[in-house]
């Protein structure tokens, strides 16, 4: 079995004295499509920040594979559209660590950034302002920037938030394509359970300050999800798709 | 030779022009980041903190430059902190600093030898009163600050636009934020006792505001902002000499007018 890219061992996470997550044990394996889900306020962002190396654990151990390069796709809403930056300007930011301080991106960096834009289908929009792009196009620009890092781990935080259904499907299809074609390891963070379960091979579910990790099939059980969300739910599986719905207490599930 | 031309060529006006030009270049450049980072009032608050430093220096006999820079650096370290907004907004903290140090400046100056006259000077300043030996000092500092801003432009831009991704890429964003505020605060601290709070604040806001309205690329925005500041400096100084008007106010009127015209032009183009 290959060495995990990131390994959490008995990790406690929080801010100051406040513990948000405790006893976190998980590994992101090479080639994983790992989905991280949990209700709002369950600690997804805290775990994500630790995964990215932004937040140090209160205790426990987080080990990263040598040569780990993380391409991070933040939530679009976090970025200020006031900045007069083109799609290409933003994708070039992914090259900055390689360029180094006091230097400007080279012609090669620009060509690579254009290639990344091409991979997400936005080569024609390279010189358009980020603020003038649609939500789906902005998401693609941020994915292209993460690819410009030449990552071996791509981490996406709520990439489908605020997108219409066709755009959501195209963005998730794009991510799946990178995973399938180049074996890129993916961590997808979302509060939308159906989305994560559709694509992830392994999942982490946050529950009462703990993290349950397992195969998607194991975790997409009514018993587990009822414990996580604290409400009665129905889970139906249609090939690779899961349909999860809250049910009235007195009602049964359609397939029950 | 007409009287105004004679005045224009006088060493006092020429020194003011030299000081104005470097302030315009550095202020115009840094102002783009100040406006984009939405920290316009941090600029004003830092200027006010420096002003309090000058007032204290005049009271206790320190060198005003030393005190102004020291206060500005302490202010920079304070504002570079990543303030959470759970219990109060960042704006409220900036406002509290501005008000506290405004009051402190007045109190300290009222006990000084020059009293409220000094407060008036700190607020409005007088670019025509800059001593000749200060001109080269301001240019050296200005070029130094500008060089840092230019050399670190991509890091400052990344941290300003997307601090979280910058952290994920390995940048120590608190350090970069501190470096930015250090440059800004240090610059304000050095020039405030010479040209006043209002002119510095003007250079940091108005040229960038107009530039953001008309220019579409970050490099063009910076270029137009510096050009705006230079035009307003030369035109403001010339008109103030021609019509015997207060220099700082005339320069600010030109900066505002340029920002207004550019805003109008951008609205007309967008139609």
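The values are calculated or read from the model by the stated rules, or taken from the named source; none is laboratory data. Nothing here was measured: the structure is a model prediction, and the numbers come from that model. For neighbour counting, all protein chains shown are included, and Cβ atoms are generated from backbone atoms with ideal geometry for every residue, glycine included.
Each residue in the range A:50-67 was checked for being surrounded by 15 or more Cβ atoms within 10 Å (Cβ to Cβ) and touching a residue at least 60 places away in the same chain (Cβ under 8 Å), and 3 pass.
Filtered by the rule that a residue be outside any helix (DSSP H, G or I) and surrounded by fewer than 18 Cβ atoms within 10 Å (Cβ to Cβ), the range B:1-53 gives B:1, B:2, B:9, B:10, B:38. Counted as qualifying within the range B:138-196 are the helices (runs of 4 or more DSSP H) with 2 or more residues that are modelled with pLDDT of 90 or more, buried (at least 23 other Cβ atoms within 10 Å of the Cβ) and within 14 Å of another protein chain (Cβ to nearest Cβ), namely B:163-168. Of the candidates B:223, B:210, the single residue that is modelled with pLDDT of 95 or more, buried (at least 19 other Cβ atoms within 10 Å of the Cβ) and under 20 Å from residue B:261 (Cα atoms) is B:210. Restricting the range B:226-248 to residues that are farther than 20 Å from residue B:264 by Cα and under 15 Å from the mean Cα position of the chain (by Cα) leaves a set whose member that is nearest to the other protein chains (Cβ to nearest Cβ) is B:230.
Inside the range A:95-107, can you point out the residues that are in contact with a helix residue (DSSP H, G or I) (Cβ under 9 Å, 6 or more places away or on another chain) and either more than 7 Å from every other protein chain (Cβ to nearest Cβ) or loosely packed, with under 15 Cβ neighbours inside 10 Å (or both)? Passing the criteria: A:95, A:98, A:99, A:101, A:102, A:103, A:104, A:105, A:106. Looking only at residues of the range A:197-215 that are in a helix (DSSP H, G or I) and surrounded by fewer than 22 Cβ atoms within 10 Å (Cβ to Cβ), we find that the one that is modelled with the lowest pLDDT is A:198.
The condition (being crowded, with 19+ Cβ neighbours inside 10 Å, in contact with a strand residue (DSSP E or B) (Cβ under 7 Å, 6 or more places away or on another chain) and in a helix (DSSP H, G or I)) is satisfied by just one residue among A:36, A:92, A:88, A:47: A:47. Residues considered: A:142, A:147, A:117, A:82. Of these, the only one that is in contact with a helix residue (DSSP H, G or I) (Cβ under 8 Å, 6 or more places away or on another chain), within 12 Å of chain B (Cβ to nearest Cβ) and modelled with pLDDT of 95 or more is A:142. Do we have residue B:222 as closer than 27 Å to residue A:126 by Cα, touching a residue at least 60 places away in the same chain (Cβ under 8 Å), within 14 Å of chain A (Cβ to nearest Cβ) and in contact with a helix residue (DSSP H, G or I) (Cβ under 7 Å, 6 or more places away or on another chain) here? So residue B:222 fits the description; yes.
Kindly establish whether residue A:43 is under 15 Å from the mean Cα position of the chain (by Cα) and more than 14 Å from chain B (Cβ to nearest Cβ).
Criteria met by residue A:43.
Among the residues of the range B:132-148, is there at least one that is free of Cβ contacts under 8 Å to residues at least 40 places away in the same chain and touching a helix residue (DSSP H, G or I) at 6+ places or on another chain (Cβ under 7 Å)? Checked against the condition, which is being free of Cβ contacts under 8 Å to residues at least 40 places away in the same chain and touching a helix residue (DSSP H, G or I) at 6+ places or on another chain (Cβ under 7 Å), the range B:132-148 yields at least one hit. If you filter the range B:54-84 down to residues that are over 18 Å from the mean Cα position of the chain (by Cα) and assigned to a loop (DSSP other than H, G, I, E, B), you find that the one that is surrounded by the most Cβ atoms within 10 Å (Cβ to Cβ) is B:62.
Considering each residue of the range A:55-77 in turn, none proves to be more than 16 Å from residue A:133 (Cβ to Cβ), out of contact with any helix residue (DSSP H, G or I) (no Cβ under 8 Å at 6 or more places or on another chain) and within 7 Å of another protein chain (Cβ to nearest Cβ).
Considering only residues of the range A:216-230 that are touching a strand residue (DSSP E or B) at 6+ places or on another chain (Cβ under 6 Å) and not in a loop (DSSP other than H, G, I, E, B), which is nearest to residue A:253 (Cα to Cα)? Out of the qualifying residues, it is A:222.
Taken together, the residues in the range A:2-33 that are in a loop (DSSP other than H, G, I, E, B) and without any contact (Cβ under 8 Å) to a residue 12 or more places away in the chain amount to 2. Of the residues making up the range A:70-84, those that are part of a loop (DSSP other than H, G, I, E, B) and touching a strand residue (DSSP E or B) at 6+ places or on another chain (Cβ under 7 Å) are A:74, A:75, A:84.
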